1. For residue 20, all conditions in the list (1) modelled with pLDDT under 85; (2) under 14 Å from the mean Cα position of the chain (by Cα) hold save one; what is the number of the exception?
2. Just for helices (runs of 4 or more DSSP H) wholly inside the range 32-85: which have at least 2 residues that are touching a helix residue (DSSP H, G or I) at 6+ places or on another chain (Cβ under 9 Å) and either touching a residue at least 40 places away in the same chain (Cβ under 8 Å) or surrounded by 10 or more Cβ atoms within 10 Å (Cβ to Cβ) (or both)?
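The values are calculated or read from the model by the stated rules, or taken from the named source; none is laboratory data. The shown structure was predicted, so the numbers you read here are calculated from the model rather than taken from an experiment. For neighbour counting, all protein chains shown are included, and Cβ atoms are generated from backbone atoms with ideal geometry for every residue, glycine included.
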């Protein structure tokens, strides 16, 4: 089981249902890493995803739970930039 930082978790594709499904399918959800080697691997994946047209948005658990309006604005901004809203 992952700890509070998400150590040991794996990348999962996040999908949605409803009218925003095509937009949500373009976004990936990942958890954090504990060591520099894992962080470096994560950054290489971010670069590869960027080359394919994905934008990486990073949020802490605390941001999602306690500062949702900030997170929501960032997500909606990314969707607008990519012509998805």
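1. In the conditions (1) modelled with pLDDT under 85; (2) under 14 Å from the mean Cα position of the chain (by Cα), residue 20 misses (2) alone.
2. 61-66, 68-81
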